[in-house]
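> Dropping a structure here in structure tokens format, bear with me for questions.
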Amino acid sequence: MLDTMKRLLALAVLTGVGAISMTVAAYQPPAAPPAGPRVIDLEKLKDNLYVLTSSSPADRTTFSGGNVAVFITDGGVTLVDTKLAGWGQAILDKLKTITDKPVTRIINTHTHGDHTGNDNFFGTSVEIVAQDNTKANMEKMDAFKGDNAKFLPKKTYTDKLTLGSGKDRIDLYYFGAGHTNGDTFVVFPALRVLHTGDMFAWKDGPYCDLTNGGSCVALPRTLQKVIAGIKDVDTIIPGHSPMQTPTDLQMFQRFTADLLSHSVDAMKAGKSVDDAAAAFKVDKYPGYKNERVKAAIQSIYDELKKKP
Ligand SMILES: [Zn+2]
């Protein structure tokens, strides 16, 4: 049991997942850097688009942070997210195997340290871009205080922002709360690829970071807007798992909607979170795990209880 708790806490610390009834900060850096070699895998999606993939958050000795998109444009390299602090050199070493161009732009999908950890690694001339609320959330992080405030996003937006043009165009969208209150969806229109960040992190219960404005109550509605608003995409880069398709995103939206209505009904019926979790079946969702469902239901209960 203690081992399980320790493992949960380690997970919580690494991924920013607040385990049930534990008060942990949204993200705390690991106490010690990983002991082993820092291995990041590289996956080629298109001629000029790669993904520095995400190792499993369950193993803290090898976990590098979320999936990073590497978009090579005429003007330089755009990164979507920057993994955990301490992994900057490993990212750079991988980049050197595919391009001589410098990193000129970083887009942060959201505030968490496993997505913003190396924003300060690539120099002050890099343009850092994020949604307004994410910038505000980043301002609260120790990693962006003092001298490091110069690595806060300089370019922000509210609902939609287009960067570049033609084959280098990138569209950023904000559709509402979910994982946090500032999650950006990044679209590479010429390549028909979408990076969802942690709004679609894995095939399991969603993590909604209430301390950063996240909402598992809003999540299904927000994802519905994404599905309606972003067309012409074939490939999805999720936050922390292998590449997905729009059909997978649609299934995840239904999963989150199911989980919400199940939780609302269970709460109305006076059921405990344990009972509500035990009664929720993931079987009808192929490939889904049931490791984070209970935490998601707890999070929905917490949110509903706060409402007047
Ligand atoms: Zn996150």
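> Only residues that are closer than 28 Å to Gly178 by Cβ, more than 16 Å from the ligand (Cβ to nearest atom) and either touching a residue at least 24 places away in the same chain (Cβ under 8 Å) or of a type in the set (Lys, Arg) (or both): list them for the stretch 123-135, please.
Within the stretch 123-135, Glu127, Ile128, Val129, Asp132 qualify.
> Now for a separate question. Please go through the stretch 204-228 and give me each residue that is more than 20 Å from Val80 (Cβ to Cβ), in a loop (DSSP other than H, G, I, E, B) and within 16 Å of the ligand (Cβ to nearest atom), ordered by number.
Once the filter is applied, which keeps residues that are more than 20 Å from Val80 (Cβ to Cβ), in a loop (DSSP other than H, G, I, E, B) and within 16 Å of the ligand (Cβ to nearest atom), the stretch 204-228 yields Asp204, Gly205, Cys208, Gly213, Ser215, Cys216, Ala218.
> Then there is this: With the condition kept exactly as written, say whether any residue in the stretch 85-97 is within 16 Å of the ligand (Cβ to nearest atom) and surrounded by fewer than 21 Cβ atoms within 10 Å (Cβ to Cβ).
yes
> Go through the stretch 229-238 and report how many residues are modelled with pLDDT of 95 or more, over 25 Å from Asp283 (Cβ atoms) and away from the ligand (no atom under 15 Å from the Cβ).
Residues flagged as modelled with pLDDT of 95 or more, over 25 Å from Asp283 (Cβ atoms) and away from the ligand (no atom under 15 Å from the Cβ) within the stretch 229-238 amount to 6.
> Among residues belonging to the stretch 187-200 that are crowded, with 24+ Cβ neighbours inside 10 Å and on the phi < 0 side of the Ramachandran plot, point out the one that is nearest to the ligand (Cβ to nearest atom).
Asp198
> Now, a different point. Take the stretch 292-308 and flag every residue that is exposed (fewer than 14 other Cβ atoms within 10 Å of the Cβ) and not basic (Lys, Arg).
Pro308, the sole residue that qualifies.
> State which residue is surrounded by the fewest Cβ atoms within 10 Å (Cβ to Cβ) when the search covers only the stretch 43-63 and only residues that are at pLDDT below 95 and touching a helix residue (DSSP H, G or I) at 6+ places or on another chain (Cβ under 7 Å).
Ala58
> Turning to a different aspect of this structure: Name the single residue, out of those in the stretch 98-116 being more than 26 Å from Asp59 (Cα to Cα) and among the hydroxyl-bearing types (Ser, Thr, Tyr), that is nearest to the ligand (Cβ to nearest atom).
It comes out as Thr104.
> Another question about this same structure. Scan the stretch 275-289 and report the pairs whose first residue is in a helix (DSSP H, G or I) and whose second residue is of a type in the set (A, V, I, L, M), with Cβ atoms within less than 8 Å and a gap of 6+ or a chain change.
Asp275/Ala266; Ala276/Ala266; Ala276/Met267; Ala276/Ile297; Ala277/Val293; Ala277/Ile297; Ala279/Ala266
> Somewhere in the stretch 152-162, is a residue touching a Leu at 6+ places or on another chain (Cβ under 7 Å), within 16 Å of the ligand (Cβ to nearest atom) and of a type in the set (Ser, Thr, Tyr)?
No - not one qualifying residue is present in the stretch 152-162.
> Of the numbered conditions (1) at positive phi; (2) touching a strand residue (DSSP E or B) at 6+ places or on another chain (Cβ under 9 Å); (3) buried (at least 17 other Cβ atoms within 10 Å of the Cβ), Gly213 fails exactly one; give the number of that condition.
Here Gly213 clears every test but (2).
The values are calculated or read from the model by the stated rules, or taken from the named source; none is laboratory data. None of these values were measured; they are calculated from a predicted model. Note that each Cβ is placed from the backbone with ideal geometry, even for glycine, and that neighbours are counted across all protein chains shown.
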